[in-house]
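Accompanying notes for the structure given below.
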Amino acid sequence: MRHLALSLLLAALAAPALAEPAVTPDMLQKGTDIAANWQQPHPGYDYELHAVMIPMRDGVKLYTLLYIPKGAKGLPILLERTPYNASGFGEDKPHMRDAVRLSAREWADDGYIVVYQDIRGKHHSQGPFVMTRPPKGPLNSTKTDDTTDAYDTIEWLVKNVPQSNGRVGMIGSSYDGWTVVMALLAPHPALKAAAPESPMIDGWMGDDWYHYGAFRQLGMDYFAEMTSATGKGEGVPQESADDYRNFLEAGSAGAWAALHGYDQLPWWKRFAAHPSYDAFWQLQALDKAVVQKPSTVPTLWLQGLWDQEDMYGAIHSWEALKEAGFGANNHLVMGPWYHSQINRSGDALGPLKWKGDTAADFRREVLIPFFNTTLKDRPSKPLPQAMLYNAAEKHWDAFSDWKVASKQVLKPLYLQPAFGLGFDKPAASEESYVSDPAKPVPFLTPPVDGGDRARWTTWLVSDQRPVSTRTDVLSYQTPVLSQEVRVEGAPIADLFAKTSGSDGDFVVKIIDVYPPSYSEAPELAGYQLPISLDIFRGRYRKSFAEPEAIPPGAVQEYKFRLPTMNYVFKPGHRIMVQIQSSLFPLYDRNPQSFVPNILFAKPADYQKATVTLEQGTSAVLLPIVAASSAVK
């Protein structure tokens, strides 16, 4: 999209009568063929586009683009606040539905004013940029944050856009979803509906930066892209296209950062000083903040069931609100999507094919009607408490009471001898593997190119057969199922293990093993499909804020929640549980010897460790239901 000058108006203009330009004697004496004040006519455009600088309470002005249908009167506003360049969200096209980004086409069709805004300090907006700027308070001593900026923006819009009805809805995914949640902490009265999609909520517990203390180092390019320039910075050039090799040869994440000049980035230095879940992380965890400052704005919390970037935030925020008694205006949706796929085509996820476009259908049939209820006084069918897609049966399930994790009834699925898996508790036994940091288990079959979007967006559904026979991966599976096993909720990994090291990671995967012959989709024959998986850093087994070394040779319990499921393991399939100690290079390697800050572990710190699992006590706890509790 061509750069727009301030207050540029793209309106349909009457075509001038054709006439030969008049030639005057002084035309060739001005020394330039560049027009003094060029204004591009746009005949036939069905919208106006305004670029404005909206003032905040501290005088900083934020760059904002307004797409307004031509002749609009009494329309609601859809607002998205972004660090990703508002100007790049649109194109110069005659029709508004083609000019706005793909995710807003249905909104344009339905009659909305669409507004995109660069957040403070990014691209064309003024002020300093702070990564996920914390709410005003101990971590932010200024008088502004993304809560006040959203409030001031909405205040300006309802007073200065006469084509609107004075009502605003907010939407956005990932970082943009985070800005929606920040707006909900003290919402403007005109904010009538909100949809945080895969929002960044808690970067340490389970969203972008860490999962239970394991650092997601493959995202380090993002640090440079976001904080090396006001606009989009450049990613880090690599010697090899294989990030498995790049990160392995660099050593620790801190060594990789030093090699690529990250000591120049204030965010990296601040980030690296807080490897544990201390006040720096706790005070900006928005699932806690939304309970402390609950809003009455109708809110739809959206998340993908296989979200490879932000699988934690939406479900945990919704659960926290429900458990605190604020469930009436909050709804949960989990679709069969990768990160932000709600805004793209949703007819498939990797090898999995759905019935129709689950994302476009949802936007049209659920999301927009939800907004229209309060933004247009257009009643729609009341939403259930929760909607979760059932990927095994390929349909949506609606729940009038989806249980939060703390209220689940769980059934242990035990690790058994000879790599068996079953609901009957076995006699005590052990199984060991050697975890070698020099040969970490890859999360994708190398070579791993972190910029390969197709592989990155679908890695959570990638076939696990390539690692299932590694000697440092323990693969337990049930006999062939004779009846279905239906799981509704968040599984819990509960491992009892000892290690010869003084630290270590535990990766647990729940996998659907397809039959060796599968006529319905031959490409899935024998496929090992991950349904729920995560990683846990052993030093945090007692406290996320105060890590402790693991006593070598002593059995310890490692208990952690896995991502939410709404799934049916069908007869003829098997359930598999895989356990390993690395997912590289997505997560940094644990040196397996205790050091104060793993980000800066030295080469000598990385040691082999023998990990021994106690069979008879170790299990995955499943929220199994006899029959679906979905509303029929």
Tell me which residues, restricted to the stretch 163-196, are small (Gly, Ala, Ser) and on the phi < 0 side of the Ramachandran plot.
Ser164, Gly169, Ser173, Gly177, Ala183, Ala186, Ala190, Ala193, Ala194, Ala195
From Gly31, Gly59, which residue is free of Cβ contacts under 8 Å to residues at least 12 places away in the same chain and either in contact with a Lys or Arg (Cβ under 8 Å, 6 or more places away or on another chain) or closer than 30 Å to Pro128 by Cβ (or both)?
Gly59
Would you tally the residues in the stretch 248-263 being of a type in the set (Gly, Ala, Ser) and not in a helix (DSSP H, G or I)?
3
So which pairs qualify, if the first residue must be in the stretch 322-339 and within 16 Å of Lys403 (Cβ to Cβ), the second must be of a type in the set (Lys, Arg) and not in a strand (DSSP E or B), the Cβ gap must be under 7 Å, and the two must be at least 6 apart or on different chains?
Asn330/Lys322
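Let's see how each residue does on (1) assigned by TED's automatic domain parsing to the domain that holds Ile342; (2) touching a Pro at 6+ places or on another chain (Cβ under 6 Å):
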{"residue": "Asp176", "(1), (2)": "yes, no"}
{"residue": "Lys192", "(1), (2)": "yes, no"}
{"residue": "Ser198", "(1), (2)": "yes, no"}
{"residue": "Leu218", "(1), (2)": "no, yes"}
{"residue": "Ala273", "(1), (2)": "no, no"}
Please determine whether any residue of the stretch 104-120 is more than 26 Å from Ile368 (Cα to Cα), of a type outside the set (A, V, I, L, M, F, W, C) and touching a residue at least 40 places away in the same chain (Cβ under 8 Å).
yes
Within the stretch 357-366, tally of residues that are basic (Lys, Arg) and surrounded by fewer than 18 Cβ atoms within 10 Å (Cβ to Cβ)
1
Picking from Pro199, Pro162, the residue that is crowded, with 23+ Cβ neighbours inside 10 Å and within 27 Å of Ser87 (Cα to Cα) would be Pro199
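This table checks each residue for (1) assigned by TED's automatic domain parsing to the domain that holds Ser317; (2) closer than 30 Å to Met387 by Cβ; (3) at pLDDT below 95; (4) part of a helix (DSSP H, G or I).
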position: Lys232; (1), (2), (3), (4): no, no, yes, no
position: Pro237; (1), (2), (3), (4): no, no, yes, no
position: Asn246; (1), (2), (3), (4): no, no, no, yes
position: Trp267; (1), (2), (3), (4): no, no, no, yes
position: Val291; (1), (2), (3), (4): yes, yes, no, yes
When the residues of the stretch 166-221 are narrowed to those that are at pLDDT 95 or above and of a type in the set (D, E, K, R), which ends up nearest to Pro134 (Cα to Cα)?
Asp202
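Results for (1) modelled with pLDDT under 95; (2) under 29 Å from Ala360 (Cβ atoms); (3) out of contact with any Lys or Arg (no Cβ under 6 Å at 6 or more places or on another chain), shown as yes or no for each residue.
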site: Ile68; (1), (2), (3): no, yes, yes
site: Ile77; (1), (2), (3): no, yes, yes
site: Glu80; (1), (2), (3): no, yes, yes
site: Gln117; (1), (2), (3): no, yes, no
site: Lys136; (1), (2), (3): no, no, yes
site: Thr144; (1), (2), (3): no, no, yes
Residue check for Pro551: modelled with pLDDT of 95 or more, more than 29 Å from Gly254 (Cα to Cα) and not charged (D, E, K, R):
no
His316 passes all but one of the listed conditions (1) of a type outside the set (Val, Ile, Thr); (2) in contact (Cβ under 8 Å) with a residue 60 or more places away in the chain; (3) under 17 Å from Gly172 (Cβ atoms); (4) buried (at least 23 other Cβ atoms within 10 Å of the Cβ); the exception is number (3)
If I ask for residues that are closer than 25 Å to Gly235 by Cα and either without any contact (Cβ under 8 Å) to a residue 24 or more places away in the chain or of a type in the set (A, V, I, L, M, F, W, C) (or both), which ones from the stretch 442-471 would you list?
Phe443, Leu444, Thr445, Val448, Asp452, Arg453, Ala454, Arg455, Trp456, Trp459, Leu460
Among Pro384, Pro369, the single one that is part of a loop (DSSP other than H, G, I, E, B) and surrounded by 15 or more Cβ atoms within 10 Å (Cβ to Cβ) is Pro384
Those residues of the stretch 321-348 that are surrounded by fewer than 17 Cβ atoms within 10 Å (Cβ to Cβ) and not hydroxyl-bearing (Ser, Thr, Tyr) come to a total of 8
Residues that are under 20 Å from Thr499 (Cβ atoms), at least 1 per element: which strands (runs of 3 or more DSSP E) completely within the stretch 546-632 meet that?
556-561, 574-580, 609-615, 619-622
Just wondering, is there one or more residues in the stretch 566-586 that are more than 31 Å from the chain's Cα centre (by Cα) and surrounded by fewer than 19 Cβ atoms within 10 Å (Cβ to Cβ)?
yes
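Can you say whether Ala545 is surrounded by fewer than 16 Cβ atoms within 10 Å (Cβ to Cβ), aliphatic (A, V, I, L, M), without any contact (Cβ under 8 Å) to a residue 60 or more places away in the chain and more than 22 Å from Tyr414 (Cβ to Cβ), as far as the supplied structure shows?
Spelling it out, it is not the case that Ala545 is surrounded by fewer than 16 Cβ atoms within 10 Å (Cβ to Cβ), aliphatic (A, V, I, L, M), without any contact (Cβ under 8 Å) to a residue 60 or more places away in the chain and more than 22 Å from Tyr414 (Cβ to Cβ).
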Subset of the stretch 248-273, residues within 23 Å of the chain's Cα centre (by Cα) and surrounded by 14 or more Cβ atoms within 10 Å (Cβ to Cβ), comes to Ala253, Trp267, Trp268, Phe271, Ala272
Looking at the stretch 348-366, which of its residues are charged (D, E, K, R), over 20 Å from the mean Cα position of the chain (by Cα) and assigned to a helix (DSSP H, G or I)?
Asp361, Arg364, Glu365
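The values are calculated or read from the model by the stated rules, or taken from the named source; none is laboratory data. This one's a predicted model, so the numbers in the text were calculated from it and none came from an experiment. Reconstructed Cβ throughout: ideal geometry from the backbone, glycine too, with neighbour counts over all protein chains shown.
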